[in-house]
Amino acid sequence: MDDNKIPLLVVVGPTASGKTAIAVELAKLYNGEVISADSMQIYKGLNIATAKPTAEEMQGIPHHLIDFLDPGEPFSVADYVGLASQKIREVRERGHMPIICGGTGLYVSSLIDNVIFDDTGSDPAIRARLENEAKEKGVHQLWLKLNEVDPETAEKVHENNIPRVIRALEVYEITGVKLSQHKLNSRREASPYKTCIIGLTAEDRQFIYDRINKRVDIMVDNGMVEECRAVFEKGGLDTAAQAIGYKELIPYFEGKASLDECIEHIKLSTRHYAKRQLTWFRRVADISWLKIDNFDDLKKIIENVQNIVAKSEIM
């Protein structure tokens, strides 16, 4: 291994797979600090809906890039890579092990691949026109438009992820070059990290789905509906509306659906999201996968993770 490279532990996997608990245990073992890779936990508020780790779950381990940005503030993957890279350096300078933990695949891949983002700028007029187009013609039509000019990006972006669809179209209109090509052009520098990537999955997909359903019920019991209602009543928080759990409750707040219907929709959306997360991470090279349903408890999972870390020789 290149001794000049920064060692980096990475814990990824679908929602409700237990990433936080494992990252905290690894931090205890390897004198580490956790750096989040979650595109919704960056925002203040919506603590329950985005499953931010509680102080009890953190167990005194420092966690970074959580709960620091006002909802509605723009934040791109380039912003994430810049901030996360800075945090990794700071953690390392303290003599600690940086541990990336999260399920936002684009954040993780862009960070560990050291993607250098071209400054393509932005055009508020183009963005406003595309936003109006999405409202008038529907998000699917806007996604189809992206699929025509940049099928590679369209394949990776869900049509309901309106900000990313709009950004890809905006980049194409400004530069005449597809966003997917920009990303290819940007992979110019070798990664500064030597990574050990732990991927959490399950032999039986239903195991993850059952955990998701149970966690949503717990979130509701812990006050998620009231938390989301408070955000809804403030209004104008478009970014927060992308969070699963928030947007599915809007019909309930508007009196258009029952609470039970909306909670079932949250569970369904979360299961679909978990499936997309697993699909993304399967494309990432050099992941060591752990099937969490093959273990009785966290201790046995951690023992297996330690074996993986030892074989990786990142220390």
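No lab work stands behind these numbers, since they all come straight from the coordinates. What you see is a predicted model, and the numbers here were worked out from it, not measured in a lab. Glycine gets a Cβ as well: all are built from the backbone with ideal geometry, and neighbour counts include every protein chain shown.
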| field | Other-chain or far-sequence residues with amide H under 5 Å of H64's (modelled H) | value | V34, I35, S36
| query | What order do you get for 145-151, 121-127 when each peptide is scored by the mean count of other beta carbon atoms within 10 Å, highest first? | reply | 145-151, 121-127
| task | Using θ = phi - 60° and the Karplus relation 6.51 cos²θ - 1.76 cosθ + 1.60, list the HN-Hα couplings for segment 279-294 in order, rounded to whole Hz, with x at every Gly or Pro. | result | 4, 4, 5, 5, 8, 7, 6, 6, 8, 9, 8, 10, 8, 5, 7, 8
| task | Return the long-range amide H neighbours of I287 (sequence gap of 5 or more, or a different chain), with a cut-off of under 5 Å between placed amide H atoms. | result | none
| Mind listing the phi-derived Karplus ³J(HN,Hα) values for segment 300-313, rounded to whole Hz, using 6.51, -1.76 and 1.60 with θ = phi - 60°, and x for any glycine or proline? | 5, 4, 5, 4, 5, 4, 4, 5, 5, 4, 4, 5, 6, 6
| Long-range lysine pairs (8 or more apart or interchain), segment 225-296, Cα under 24 Å | 9
| request: Jot down the per residue volume, in cubic angstrom and as a whole number, of the convex hull over the alpha-carbon atoms of segment 124-186. | output: 72
| message | Through the Karplus equation 6.51 cos²θ - 1.76 cosθ + 1.60, θ set to phi - 60°, convert the phi angles of segment 252-262 into ³J(HN,Hα) values in whole Hz; use x for Gly and Pro. | response | 5, 5, 8, x, 9, 8, 7, 5, 4, 4, 5
| query | With point charges of +1 on the Cβ of Lys and Arg and -1 on the Cβ of Asp and Glu, referenced to the Cα centre of the chain, which listed residue (I287, Y107, L200) lies farthest in the positive direction of the dipole? | reply | I287
| remark: Per the helix-only model, the chain has a calculated mean residue ellipticity at 222 nm (DSSP H runs of ≥4, -39500 (n - 2.57) each, divided over all residues, rounded to the nearest 500) of -16000 deg cm²/dmol
| note | Expected sort for T153, T54 with the fewest Cβ neighbours (10 Å cutoff) up front is T54, T153
| Taking every eigenvalue of the Cα gyration tensor of segment 37-132, multiplying by 5 and rooting it, what semi-axes result, largest first, whole Å? | 27, 19, 10
| task | Give the value in nm², to one decimal: projected area of the alpha carbon convex hull of the chain, averaged over all directions. | result | 16.4
